[in-house]
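Report on one structure; see the data block that follows.
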Amino acid sequence: MKLLLSKILIFIISSLCILYVISLTFDSEFSDYSELNKIVSEHREINILLGDSHFIPLSDHLNDLNYLNISYASDSIIDLFVKYKYLVENGIIVNTIILLADYHMFSNYRMQLNNHEKSYLYAHLIDYIKLYNGNIEQYLFNRFISLCNLHILNKGGIEYFNKLILQKYIKQFVGVDVLSTINTNTDILSRFNNIFSDLDDENRRTNTKKRFNKQFQESINERLVLHYEYFVDQIKLNGSSLILIRMPVSNEYIELLNQYSALEKLQNNKLFKENLLLDYSDLFKERQDYFDNADHLNIEGGKIMSQVLEDTLKLINNSHK
């Protein structure tokens, strides 16, 4: 009996050690996502850009205006709200928030692909249950594995393990590249080196249609619209100035947006009538060389867009003086 118990104990300790070593690699995602803790410790008053990967090609800092770009690839409206709320609850004065208002943020695509397994770190229990449709047991478990630095055990960690370990070995032994790209801001920025105009017209349209159909599988997700409305209300209650932005997309993408009838109700939402909305959707519609794909700017496009945004913000600031 003692021998059996000792073997079980050795097995458990060995398994935890292996998981811990693997989690050290996965923890880079969480340390990347945990930059809010650094902001809280270093700042008392800030302006922020808050969005998903569409904001990543923009300059990290719009230096002259002291804007921090705390966007993260695949962040959903819920992720954005929880991050903003965390800053406010920790005494950070957010003077101005530039919030992404791209149409895909309201689609079911963003409900399925998001960072809930990371942003819950900034959420209270009540928010976790309300926003993430979670329960007390899930919340306590996630908190426990976070304290033990075993993020690999949560949903995102299991997916990471599959991508980094399992699929890597499949590639090694089968010779097929099935390794998905790990979703960190550092990795995704390095991918924005493509030039959409390098594709011919047919391939651009084909790739755009595939991407568009993936993003807008069904109708607009009303739950996300409600979350966004609540988010905007909270920003105003906290006294922050709000600027909504739609980022530039390619001409091929605009053509599909114009054909998508489900957007009409969203476009007429009072949110976009009563708040300052900078719609840059068609700003570069003739400059496919500024795009990485149909709806993401590449690094060069991001530099140009950063300057456009900086100039616009200066005009807005000057008009308020």
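Things to note:
- Computed extension gain for residue 203 through residue 13, at 0.36 nm per residue and net of the alpha carbon distance, reaches 63.2 nm.
- Listed by Cβ neighbour count within 10 Å, with the fewest neighbours leading, 104, 124 appear as 124, 104.
- As a rough footprinting exposure proxy, the listed residues 46, 12 were ranked by other beta carbons within 10 Å of their own, and the order from fewest upward is 12, 46.
- When each of 118/214; 85/214; 214/314; 210/270 is checked by Cα-Cα distance, pairs over 25 Å: 85/214; 214/314; 210/270
- Potential extension, residue 65-residue 37 segment - 0.36 nm per residue separation minus Cα distance: 7.9 nm
- Proximal charge balance of residue 100 [Cβ under 9 Å; K/R count +1, D/E count -1]: -2
- Ordering 135-142, 80-87 by mean Cβ neighbour count within 10 Å, with the highest value first, yields 80-87, 135-142.
- Our estimate of slack between residue 262 and residue 135, defined as 0.36 nm per intervening residue step minus the Cα-Cα distance, is 42.5 nm.
- Exposure proxy ranking, count of Cβ atoms within 10 Å, fewest first, for 5, 131: 5, 131
Here, each number is a calculation from the coordinates, and none is a lab measurement. Fair warning: this is a prediction, and the values are worked out from it, not measured in the lab. Note that we place each Cβ from the backbone using ideal geometry, even for glycine, and neighbour counts take in every protein chain shown.
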